[in-house]
Amino acid sequence: METSWENEAPSLSSSIPSNFKYDVFLSFSGLDTRNNFTSHLLAALEQHGFHTFRDDTKLNRGENIGYELLKAIEESRISLVILSRNYAASRWCLDELVKIMECRETLQQIVVPIFYNVEPSDVRAQKGSLEEAFAKHEECLKEGLGGRVEKRREALT
């Protein structure tokens, strides 16, 4: 039995304006989902004709989000944000999310949250592993990066 989105994939791809290079941008914690959920989701999206961006490079802790990644977010029509237990532990993921939410406002990008082994209410309230992750971010960033943690919290909410 076909699902409704299977029939819509070709028309979605053909209707994407030229300023969108990708149909879908995947934002995820590699630690939690790279070799299971995300790899299966990517395969399914590509099988159904969605041009999908997934960053497969290993990122160093504390690095700033790269220009190419920011550009890929801006050039995507849809962002799928796979929220998992360690998503908020990654400064890189949170900076991606801030950019994604900016693109939602400025470019009308569609943002779809996917909750992987976390409760939506825990993400919204930033409880459990998310609360611990933000406590660590605040400790690391209290030296003059004003507003950065708050932007990340707001994006996650």
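Coordinate-derived values only; no laboratory data. Predicted, not measured: the structure shown is a model, and the values here were computed from it. No Cβ is skipped: glycine too gets one built from the backbone with ideal geometry, and neighbour counts run over all protein chains shown.
In the structure displayed, which of Lys21/Lys151; Lys21/Lys99; Lys71/Lys151; Lys99/Lys136 lie more than 24 Å apart, Cα to Cα?
Lys21/Lys151
Quick check: residue separation of Gln47 and Gln108 times 0.36 nm, minus the Cα distance between them. What number comes out in nm?
19.4 nm
Roughly what would the spin-label model give for Arg34 and Asp122, points 7 Å off Cα along C-beta, in nm?
Between Arg34 and Asp122, the label points sit 2.2 nm apart.
How do 29-36, 70-77, 108-115 rank on mean C-beta neighbours within 10 Å, highest first?
The packing order, highest mean first, is 70-77, 29-36, 108-115.
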